[in-house]
Each structure stands twice: as C-alpha cells, then as structure tokens.
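Chemist: Dropping a structure here in structure tokens format, bear with me for questions.
Where a number appears in this text, it was derived from the coordinates with a stated rule and is not lab data. On a predicted model such as this, the values are computed, not experimentally measured, just so you know. Glycine also receives a Cβ, built like all others from the backbone with ideal geometry; neighbour counts cover every protein chain displayed.
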Amino acid sequence: MNKVALAAGVALLLCGCSKPSILRTDVADSKESASTAPAKVDLKPTADRKVAPPFELKDQSGATVKLADYKGKVVLLNFWATWCGPCKVEIPWFVEFERANKDKNFAVIGMSMDDDGWTIVKPYTEEHKMNYRVLVGDDKISKDFGKLSGLGSIDSLPTTFLLDRNGKVAAVHNGLVSKSTYAQEISTLLSETL
C-alpha cells in the first residue's frame, strides 16, 4: 500500500495540479528531468507574440499592481497555489531568478489561484520567503490568460507565462518544466531589444 501511495504522490508532483477532467501529457516525466534536464527553449517568434491581458490587483502588502507598469521588463508570470506540489518545486527557482535578475529589468509575479485568498497566501509567502510580488487571481484573469494558453481558463497549475519587454507572451508552460529551461528563456528574452 505504501508503494502505491508514494507512486501516486510522485505522479501528482510531476504532472501538475489540475482538475480531474484535464489529462496532462506535456510535462516532465521524472523529478530528475524536471530539475536537471537540458534546457528546451521554445520561445515564440517575435511576430507571433500576443499582448498579455491587462490586470490591476493588490499585492501582499496592499499596493496596487498593474501589468502595464512592467513594460520594458521581462516578466515571469506564474499561476500557482499553496496546495500544488509542482508549484512548491518551482518557488525556490523563482526566488533565485528574482534575486539574480532584478537589476536587469526582470521581474517575477506570482498569481495565486487559492480559493481562500490572502488568508492562506500571505502566511505562505512569508514562510517560503518569496521575494517577488504575489497577487491573488480571480476568474476573469484565469479566463483572460487561459485563452492565451489554449485552455480557455487556467485549469492546470502551475501555468507560467514569460512576457517579453513589450508585454507580449513569448512562452507558455502548462505544468512543471526544468529550471534550466526557464533560465535559458529568461536569458534569451533579456538579450532581446525593445
């Protein structure tokens, strides 16, 4: 029985957290490949990128955050939840990316999709020492960004969007991908000019 429970836990960690009706087939197939696999960079050509939907929300300190304020920066926008196993794997990577690149016109924004909102999210961000902006998303944002991911709404977590300096979506990742993929894509986007 313990082996079955362990296998189920590992499968959930690697596949992403989603509604039961969603079948995940495009994510890493092992914990090792999720963290150490060679980078697979799959950025959209500049001409094919679409502008990310605007939003205006409050962050964990109560300050208003507008996506438009990030124009000129490369943005990693991560849809996540406190209960999502793969999201817990990515958070330390995003803390590291924020620390290493914050002076290079780069920012991480975490968009929590927790139903309980700040009641659960704020203590979680403090406990995990999340050094980047965190917002609590809603159904409208889920639908607006879900259209860009090809799903209609954000039904699978984590879902991560990489935005270029013009606020256009350069990449969408549904589920857990390797840290090296993110690092390479961030580096490539930082090297692009406006």
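Chemist: Once the Cα atoms of region 38-185 are picked out, what are the Rg and Dmax in Å?
Modeler: 14.0, 41
Chemist: Please list 3J(HN,Hα) in residue order for region 46-56, calculated via the Karplus relation 6.51 cos²θ - 1.76 cosθ + 1.60 where θ = phi - 60°; whole Hz, with x for glycine and proline.
Modeler: Coupling constants for region 46-56: 3, 5, 8, 7, 10, 5, 5, x, x, 8, 9 Hz.
Chemist: List the relative contact order of region 49-163 as a percent without decimals, with contacts defined as Cα pairs under 8 Å and 6+ residues apart.
Modeler: Over region 49-163, the number comes to 35 percent.
Chemist: Looking at region 77-154 only, what percent of DSSP beta bridges run antiparallel? Nearest 5 please.
Modeler: If we restrict to bridges inside region 77-154, about 0 percent are antiparallel.
Chemist: Collect residues whose amide H, placed 1.01 Å from N in the peptide plane, falls under 5 Å from the amide H of Val108; neighbours closer than 5 in sequence don't count.
Modeler: Leu76, Arg133
Chemist: Give me the distance in nm between label points sitting 7 Å out from Cα along the Cα-to-Cβ direction at Lys143 and Lys129, one decimal.
Modeler: 4.1 nm
Chemist: With a bin width of 10 angstrom, please list the P(r) values of region 109-194 as percents of all Cα-Cα pairs, from the 0 bin to the one holding the largest distance.
Modeler: Going out from 0 Å in 10 Å bins, region 109-194 shows 15, 42, 36, 6, 0 percent.
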